[in-house]
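The values are calculated or read from the model by the stated rules, or taken from the named source; none is laboratory data. Only a predicted model underlies this, so the values are computations on that prediction, with no experimental measurement involved. Neighbour counts run over all protein chains shown; Cβ positions are idealised from the backbone, glycine included.
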Amino acid sequence: MKKLILICLLGYLCVPTSTSTAQVADSPGADLPHRSTPQFSSGMGETHRGGDSRSDTLSIGDQIPAGIEFSEVLHYGSDKLRLDDYRGKYVILEFWAPTCTASIASLPQLDAIQKKYGDRIAILPITVFAEDQITQTISGNKRLEAVALPLVVDARKMRAYFPHSVIPHVVVLDPEGKVVGITGIEDITTANLDELLSTGESSFRTKEDTRVRLPKGERLVSGSPEVGNKNIWFQSAMTGYIPEIRGGLYQNFEEMSHIRITNRPLYDHYSLAYSGKSMEDYFGRNRFETEGFGEEELTTSKSGSDYREWMAQGNHVFGYELIAPAHTDPYELMREDLRRFFPHIEAKVEKKKKTVYALIQQEGSVYPASTTEQSSYAMGAGLQMRNLSIQGLVHHLNVVFLRNSPYPVINKTGLDYPIDLDLQANFSDVESLGQALREKGLDLVKREEEINVLVIRKVAEPKLLAL
């Protein structure tokens, strides 16, 4: 008889409960930073009580009751889905919730596993939530709309059989309907499934849910060290000077938007917030003006011990951290936070006439478009740029090589198409750079231009915690 494996996913609350995370390279959701984290025992174990013990709670070694059927199932061709239809075949089960980012994100990956194993395995996501909430979660999300798995909804009885406080939650049955595994999504790997299909044995670890009770008044994010994974969707915080931490900036936008600044003057905070990811408007010191501030109120030229003493005064350098969903504009959120944290400062981007280094094409010269398909940008002994906009070079000059120049570099070439460019020059020396550009039909000309400038004004006296 052909063996069939059914995987059913149980879920209710996305609750982080452990300080240790099991990492499995090919498991669905293994790369998710906001998943709920279960605890695992070292072996298979004999019992599982994910919540209060009940007479109908099933554990490893128990038989699942006969006659279980579901009448509310999305993506299913019949009016009822019966678990008894899988008896006599090799079966695995599992369950999820639309309130948990980790279990939502695992659905497309589970769908891929289903397609990999075909009729040798069946994956059945089950939730206690109603159909309308599931439909709302799926609608408009192309990855979720592509999931072909049958989705069982409003299945509260199944959670009574397998109580738990952490999801995703996985249950495995044998061909007779006996519970042989209660585990986490981390253990649904190709290695474990291949072993189960070929030998009837598995290496699933037993998942043991725990709950952490927070004392009244305890701070969830900055406190509560017993909560290992806090499943943060959004957070912004501002700090004053933190001794023994180096000043720095970190940004990452892969899964979530994450900006972290430590012990940096307010100039750096405003420069980042208003420059954002713009290639044209990088507000370095040569495009930054202040009004109404004291000589060293925003920044200083001090160094070494003098700079450390300046920081230690408590109101000169600040830290900032933002964690936000990827679909938001992190720099707009940062600008809102700066307005909230520093209401005595008004910041605006204004048009002003400034002396600049204008990057231009020489008269009569028409720079050719790129002839390569692959885009690349390499800076070693010189610049080698392929199939990219020249604005990238201008941005690189302003941010790195000419950041201390009194004049910003502005792109006035009119080149609105990708080009190839090779330059041999000292990029921190305007004369050397200009000579190399002229050899390519380009030039760097010092002249007046109207450009965007970031202006910050002190409109009131500050009320900072350190004062």
Criterion violated by Gly140 - all others in (1) farther than 20 Å from Ile188 by Cβ; (2) buried (at least 16 other Cβ atoms within 10 Å of the Cβ); (3) not aliphatic (A, V, I, L, M) satisfied: (2)
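In segment 177-198, which residue that is assigned to a loop (DSSP other than H, G, I, E, B) and modelled with pLDDT of 85 or more is nearest to Ile113 (Cα to Cα)? Outline the logic, then answer.
Of all residues in segment 177-198, those assigned to a loop (DSSP other than H, G, I, E, B) come to 177, 188-189.
Narrowing the set further to residues that are modelled with pLDDT of 85 or more leaves 177, 189.
Numbers: Gly177: 22, Thr189: 9 Å.
Among those that are assigned to a loop (DSSP other than H, G, I, E, B) and modelled with pLDDT of 85 or more, it is Thr189.
If you check Lys216 against the conditions, is it part of a loop (DSSP other than H, G, I, E, B), in contact with a Leu (Cβ under 8 Å, 6 or more places away or on another chain) and not hydroxyl-bearing (Ser, Thr, Tyr)? Give the steps one after another, and end with the answer.
Details: part of a loop (DSSP other than H, G, I, E, B): yes; in contact with a Leu (Cβ under 8 Å, 6 or more places away or on another chain): no; not hydroxyl-bearing (Ser, Thr, Tyr): yes.
Taking the combined requirement at face value, the residue does not satisfy it.
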Single condition Asp429 does not satisfy, out of (1) over 37 Å from the mean Cα position of the chain (by Cα); (2) within 24 Å of Glu363 (Cβ to Cβ): (2)
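If you scan segment 124-141, which residues turn out to be of a type outside the set (Ser, Thr, Tyr), closer than 25 Å to Asn229 by Cβ and assigned to a loop (DSSP other than H, G, I, E, B)? Break it down stepwise before answering.
First, pick out the residues of segment 124-141 that are of a type outside the set (Ser, Thr, Tyr): 124-126, 128-134, 136, 138, 140-141.
Filter again for closer than 25 Å to Asn229 by Cβ, leaving 125-126, 128-129, 133-134, 141.
Those that are of a type outside the set (Ser, Thr, Tyr), closer than 25 Å to Asn229 by Cβ and assigned to a loop (DSSP other than H, G, I, E, B): Val128, Phe129, Asn141.
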Search result, residues across segment 197-246 that are surrounded by 14 or more Cβ atoms within 10 Å (Cβ to Cβ) and among the acidic types (Asp, Glu): Glu208, Asp209
The one condition in (1) over 27 Å from Lys230 (Cβ atoms); (2) touching a residue at least 40 places away in the same chain (Cβ under 8 Å) that Ala324 fails to fulfil: (1)
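Which of the following residues is at pLDDT 95 or above and under 25 Å from His395 (Cβ atoms): Glu254, Glu346, Glu289? First the steps, then the outcome.
On the way: Glu254 fails: at pLDDT 95 or above; Glu346 fails: under 25 Å from His395 (Cβ atoms).
Residue meeting the stated conditions: Glu289.
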Hits in segment 339-392 - residues which are among the small types (Gly, Ala, Ser) and either over 34 Å from the mean Cα position of the chain (by Cα) or over 19 Å from Asn452 (Cβ atoms) (or both): Ala358, Gly364, Ser365, Ala369, Ser370, Ser375, Ser376, Ala378, Gly380, Ala381, Gly382
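Having 1 or more residues that are buried (at least 16 other Cβ atoms within 10 Å of the Cβ) and at negative phi is the bar; report the strands (runs of 3 or more DSSP E) wholly within segment 376-454 that clear it. Working first, answer last.
Numbers: elements: 376-379, 383-388, 409-411, 419-423.
In segment 376-454, the matching strands (runs of 3 or more DSSP E) lie at 383-388, 409-411, 419-423.
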Residue list for segment 343-402, filter: under 30 Å from Glu461 (Cβ atoms) and among the β-branched types (Val, Ile, Thr): Ile345, Val349
Of all residues in segment 294-326 being among the aromatic types (Phe, Trp, Tyr) and out of contact with any helix residue (DSSP H, G or I) (no Cβ under 9 Å at 6 or more places or on another chain), the one that is modelled with the lowest pLDDT: Tyr307
Of all residues making up segment 51-84, the number that are under 19 Å from Val153 (Cβ atoms) and either touching a helix residue (DSSP H, G or I) at 6+ places or on another chain (Cβ under 7 Å) or surrounded by fewer than 16 Cβ atoms within 10 Å (Cβ to Cβ) (or both): 12
Residue match in segment 154-161 (condition: over 29 Å from Thr206 (Cα atoms) and not in a loop (DSSP other than H, G, I, E, B)): no
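Does Lys302 satisfy being among the basic types (Lys, Arg), closer than 25 Å to His327 by Cβ and in contact with a Phe, Trp or Tyr (Cβ under 9 Å, 6 or more places away or on another chain)? Even if it seems obvious, please write down each step before you answer.
Details: among the basic types (Lys, Arg): yes; closer than 25 Å to His327 by Cβ: no; in contact with a Phe, Trp or Tyr (Cβ under 9 Å, 6 or more places away or on another chain): yes.
When the stated conditions are applied, Lys302 does not pass them.
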Residue satisfying all of: in segment 232-251; of a type in the set (Phe, Trp, Tyr) and under 24 Å from the mean Cα position of the chain (by Cα); modelled with the lowest pLDDT among these: Trp233
Residue in segment 366-380 that is touching a Ser or Thr at 6+ places or on another chain (Cβ under 9 Å), in contact (Cβ under 8 Å) with a residue 24 or more places away in the chain and closer than 30 Å to Leu423 by Cα present: yes
Segment 87-123, residues that are in a strand (DSSP E or B), buried (at least 24 other Cβ atoms within 10 Å of the Cβ) and modelled with pLDDT under 85: Leu93, Glu94, Phe95, Ile123
